[in-house]
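Peer 1: Dumping the structure here so I can ask a few things about it.
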Amino acid sequence: MRWRAFGAVLIGGVLLLGILQRPPDGDPFDVAAGRALALDRLPASDIVAIKLRHALAHPPYEIGLFGNSRSVEVTSAHLGLAPGRFFNFSVGGMSIRQSIASLEELAAADKAPRVALISFDNAITQFYANPDYPAGPARWRLAVHDIYAGARDPAVSRSEWLRMGWRHTVTEWNQFKQLFSIQVLRARLRPDGPTTYERDGARPGGVAPAAAPALLSPQPPSVLAGYIKIDLARLAVLQARGIRIVIYESPIYPAQRQLEASASDGAARAVRTALLQNCRALGLTCHLAPAIGEPGKPPFWSEASHPPPGPLGAWLRQRLVEIGAADR
């Protein structure tokens, strides 16, 4: 009898944890939804899920921007687009690997934007994280794909293959620990509150200080160049389905750019080479980081790797003009 009671408690606890792992209901991007969610208190995976849930419940947007905090502040106005045409799917802390997973989910439901602008983190940052979303089995399928595809592709070295397997292990361990995070559970149970996000998915930032931002210190190699080919191949599949893909390396602070030009950064150079070579081979449109601004002059940068949204939006608008997707 005691074993039955223990089993019932255990099953109930597992079910409760499962329920509490769901992102809170509500759509902060829908005026008619009538519920504001304090998104900044939720984990990044929840924000990804809520943005995708919004897109899945509405007609496809014409233009979508995918990235992280380096692109999340770009609004429809920055792109010169009429309201309703654009949605910013960027979520802070995510990398291009999350952007690809998000776009694949939208495409599977025929809700993908006609044009997908995708931020590739500047090679100086060496940021290349695995996706936190989707949850459970769907995320595990992505991990299996990485392991299987990496084992078969000669562009992936044995070291990169092993590192990717370890990274997926760490991702799953972090997701498991999050199950028991009181802070996360509290945010999901009481998510109501003002949101800093706009209706188009952007999260406007504050006014950047006039002082020059601190430059980045050299980063150890972290991007797995062999997996860039595998990731871009997934985007090529989506482009073949009718989604216009435009990939761009995120801009870097001018003084940082000048410092890199005078130094020898083999890791960053290898990343850019892999990006451009595979883009050409797969028929994808890719741009290296645009030069934005001058040191010490407006527009001011909040951080060396976070470009001001106005100039970034203006540059992205020109890319839309080139493919005939901008408002006239």
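Computed from the coordinates by the stated procedures, all read-outs in this text should not be read as laboratory data. Only a predicted model underlies this, so the values are computations on that prediction, with no experimental measurement involved. All Cβ positions, glycine included, derive from the backbone under ideal geometry; neighbour counts span all protein chains shown.
Peer 1: Using +1 at the C-beta of Lys and Arg and -1 at the C-beta of Asp and Glu, which of GLN219, PRO311, GLY242 has the Cα lying farthest in the positive direction of the dipole of the range 208-328?
Peer 2: GLY242
Peer 1: Could you please rank SER250, SER302, placing first whichever residue has the fewest other Cβ atoms within 10 Å of its Cβ?
Peer 2: Least crowded to most crowded, the residues run SER302, SER250.
Peer 1: Would you mind counting up the charge near ASP265? Only other residues with Cβ under 12 Å from its Cβ, with Lys and Arg at +1 and Asp and Glu at -1. Display every interim value, and only then the final one.
Peer 2: On the way: positive: ARG257, ARG269, ARG272; negative: GLU260.
Result for the neighbourhood of ASP265: +2.
Peer 1: Arrange the following residues from fewest to most other Cβ atoms within 10 Å of their Cβ: TRP315, TRP166, TRP301.
Peer 2: TRP166, TRP315, TRP301
Peer 1: Kindly write out, for the range 222-238 in residue order, the coupling ³J(HN,Hα) from the Karplus curve 6.51 cos²θ - 1.76 cosθ + 1.60 (θ = phi - 60°), rounded to whole Hz, with x marking Gly and Pro.
Peer 2: These are the phi-based 3J(HN,Hα) values: 9, 6, 8, 4, x, 7, 4, 4, 5, 5, 5, 5, 5, 5, 5, 4, 5 Hz.
Peer 1: Quick one: helix 96-108 against the long Cα principal axis of the chain, what's the angle to the nearest 10°, folded into 0 to 90?
Peer 2: It is inclined by approximately 70 degrees.
Peer 1: Another question about this same structure. Return VAL31, VAL72 ranked ascending by Cβ neighbour count within 10 Å, so the fewest neighbours appear first.
Peer 2: Working: VAL31 8, VAL72 25.
By the 10 Å Cβ count, ascending: VAL31, VAL72.
Peer 1: Here's a follow-up. Estimate the FRET efficiency between ASN174 and ASP40 by the formula 1/(1 + (r/R0)^6), using the beta-carbon distance for r and 22 Å for R0, to the nearest 0.05.
Peer 2: Efficiency, from the Cβ-Cβ distance: 0.65.
Peer 1: So how far apart, in nm, are the two label points at ARG280 and ALA82 if each is 7 Å from Cα heading toward Cβ?
Peer 2: Spacing of the two 7 Å Cα→Cβ label points: 4.0 nm.
Peer 1: Where Rh is the Kirkwood radius over the Cα pairs of the range 76-224, the temperature 20 °C and the viscosity 1.002 mPa s, what D in µm²/s does Stokes-Einstein return? Write out the running numbers ahead of the final one.
Peer 2: On the way: Rh = 18.5 Å.
After rounding, the answer is 116 µm²/s.
Peer 1: What spacing in nm lies between the two simple spin-label points modelled at ARG269 and SER222, each 7 Å away from Cα in the Cβ direction?
Peer 2: 2.2 nm
Peer 1: Which percentage, to the nearest 5, of the DSSP beta bridges contained in the chain is antiparallel?
Peer 2: If I count the DSSP bridges inside the chain, around 10 percent turn out antiparallel.
Peer 1: Something else now. Any chance you could run the full-extension gain for ARG141 through SER157? It's 0.36 nm times the residue separation minus the Cα-Cα distance, nm to one decimal.
Peer 2: Contour length minus the Cα-Cα distance gives 3.6 nm.
Peer 1: Given R₀ = 30 Å, FRET efficiency for ILE182-VAL31 by Cβ-Cβ distance, to 0.05?
Peer 2: 0.35
Peer 1: Now for a different question. Please give the helix 309-322 orientation as an angle from the longest Cα principal axis of the chain, in degrees from 0 to 90, rounded to the nearest 10.
Peer 2: 80 degrees
Peer 1: In debye to the nearest 20, how big a dipole does the range 153-286 give about its Cα centre with +1 on each Lys and Arg Cβ and -1 on each Asp and Glu Cβ?
Peer 2: Value, rounded to 20: 280 debye.
Peer 1: Between helix 2-20 and the chain, what is the angle of the helix's C-alpha long axis to the longest principal axis, kept within 0 to 90° and rounded to the nearest 10?
Peer 2: Value to nearest ten degrees: 30.
Peer 1: If one computes the Cα centroid of the range 257-309 and of the range 122-181, what distance in Å separates the two points?
Peer 2: Result: 24 Å between the Cα centres.
Peer 1: Here's another thing I want to ask about it. Most fluctuating residue of ALA138, ALA255, ALA155 in a GNM of the chain with Cα springs under 10 Å: which is it?
Peer 2: So, out of ALA138, ALA255, ALA155, the one fluctuating most is ALA138.
Peer 1: On to the next question. Averaging sequence separations of C-alpha pairs under 8 Å and six or more residues apart, then dividing by the length of the chain, give the relative contact order as a whole percent.
Peer 2: Over the chain, the number comes to 24 percent.
Peer 1: As a check on your grasp of the helix formula, calculate [θ] at 222 nm for the chain: sum -39500 (n - 2.57) over DSSP H runs of n ≥ 4, divide by the residue count, round to the nearest 500.
Peer 2: Computed ellipticity for the chain at 222 nm equals -15000 deg cm²/dmol.
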